[in-house]
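The values are calculated or read from the model by the stated rules, or taken from the named source; none is laboratory data. Computed from a predicted structure; not experimentally measured. All Cβ positions, glycine included, derive from the backbone under ideal geometry; neighbour counts span all protein chains shown.
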Amino acid sequence: MLSVIIPAYNEELSVETAGDVISGILKKENIDYELIFIDDGSKDATYAKLCAMAETRENIVGLHFSRNFGKEAAISAGLAASHGDCAVVIDCDLQHPPEKIVEMYRLWQEGYEIVEGIKTSRGEETKAHGFFANQFYSIISKVVGFDMSNASDFKLLDRKVIDVINSIPEKKGFFRAISFWVGYHKTSVEYDVNERIAGETKWSKKDLIKYAISNISAYSTAPMQIVTVLGVVMLFVTLVFGVWALIDKIIGRALEGMTTVIIITIFIGSIMMISLGIIGYYVARIYEEIKGRPKYIVSTQCQSKKK
Ligand code: UDP
Ligand code: MG
């Protein structure tokens with residue numbers, strides 16, 4: 001059986017269409033399936049729609065989060081609730097072309113354990129967005145050690161991989177990268193990003209910046225090493241100035257330069273603060289992880305009676 005995991009946040013306009021389109025395609029191909037919708041604490045009628053769908057249609061599971069926990073948490077909940085021999089994660093707005101699920105499934109039948117959905121283009125976006133997205137992906141590709149520039153959350157995972165991912169206790173994972181990190185026998189399928197079928201994107205600029213910083217720090221401690229490098233550079237600068245000041249003292253030409261002192265003090269001060277900030281960020285993350293709070297809270301769920 002194939003589990004289709006569909007995170008949905010304020011998607012009352014698209015859940016029904018998404019469900020019907022995906023089940024239509026899978027039925028036609030005679031693929032046994034379950035659709036797991038994760039309502040990520042929507043404020044609209046998404047969950048009511050899901051329950052109504054479960055009443056009249058088969059193979060539908062709807063989970064409802066107690067509040068918005070984010071797409072990463074929704075994917076984790078979907079993977080934990082899935083019963084399939086493999087699972088596909090797909091967006092509810094059908095920006096990921098659903099007919100590609102069949103292609104991914106066939107590759108899985110051939111023996112691949114992970115089938116990555118790779119975007120041929122990123123669809124509509126502004127120049128600035130494109131620039132930052134490229135910077136982010138080039139950093140994350142370096143730290144993960146794979147080219148992630150066109151990676152997405154649209155992918156198929158074998159049961160073995162799902163079990164491994166479910167057993168990782170990390171609270172703030174990055175699904176897109178974890179499937180590269182785990183290894184396994186993988187291949188990819190290319191797809192064009194569609195237009196959203198309804199509603200609008202759920203990500204603000206601020207969300208995207210937070211997401212980028214959080215994901216880079218989840219895979220790399222390089223920023224903390226920058227602190228060490230800065231410290232060494234500062235030590236050198238101090239040595240040079242120290243020797244210079246001593247020579248001046250010895251030959252009886254002590255420094256007048258108050259300006260130099262001020263500049264150096266401010267410079268060291270700012271570097272110290274930035275460094276403390278970077279270390280503080282990682283300490284905060286350790287604290288978040290160690291508190292051991294759940295990634296998400298499922299408050300209610302509904303399910304089709306006939307399976
Ligand atoms: N989503 C979610 N929780 C959130 C934000 C988004 O479950 O907090 C879901 C959303 O319903 C959609 C998918 O994640 O199915 C992708 O979101 P969106 O289309 O807004 O992102 P974009 O395609 O613009 O990157
Ligand atoms: Mg979208």
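Key figures for this structure:
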{"quantity": "Residue 196 vs. criteria farther than 11 Å from residue 114 by Cβ and either under 17 Å from the mean Cα position of the chain (by Cα) or more than 16 Å from ligand 1 (Cβ to nearest atom) (or both)", "calculated": "no"}
{"quantity": "Residue selected from region 49-74 under the condition at pLDDT below 95 and under 23 Å from residue 118 (Cβ atoms), by the criterion farthest from ligand 1 (Cβ to nearest atom)", "calculated": "72"}
{"quantity": "Qualifying residue in region 38-48 (condition: farther than 24 Å from residue 85 by Cβ, among the hydrophobic types (A, V, I, L, M, F, W, C) and near ligand 1 (Cβ under 10 Å from one of its atoms))", "calculated": "no"}
{"quantity": "Filter result (part of a helix (DSSP H, G or I) and surrounded by 11 or more Cβ atoms within 10 Å (Cβ to Cβ)) within region 243-272", "calculated": "244, 245, 248, 249, 260, 261, 263, 264, 267, 268, 271, 272"}
{"quantity": "Some residue of region 294-304 being assigned to a helix (DSSP H, G or I) and at pLDDT 80 or above", "calculated": "no"}
{"quantity": "Pairs, first acidic (Asp, Glu) in region 131-147, second assigned to a helix (DSSP H, G or I) and surrounded by 16 or more Cβ atoms within 10 Å (Cβ to Cβ), C-beta under 6 Å, six or more apart", "calculated": "147/141"}
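Residue by residue, here is whether (1) crowded, with 16+ Cβ neighbours inside 10 Å; (2) within 16 Å of ligand 2 (Cβ to nearest atom); (3) at pLDDT 85 or above holds:
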position: 174; (1), (2), (3): yes, no, no
position: 181; (1), (2), (3): no, no, no
position: 190; (1), (2), (3): no, no, yes
position: 195; (1), (2), (3): no, yes, no
position: 206; (1), (2), (3): no, no, no
position: 209; (1), (2), (3): no, no, no
position: 212; (1), (2), (3): yes, no, no
position: 216; (1), (2), (3): yes, no, no
position: 223; (1), (2), (3): yes, no, no
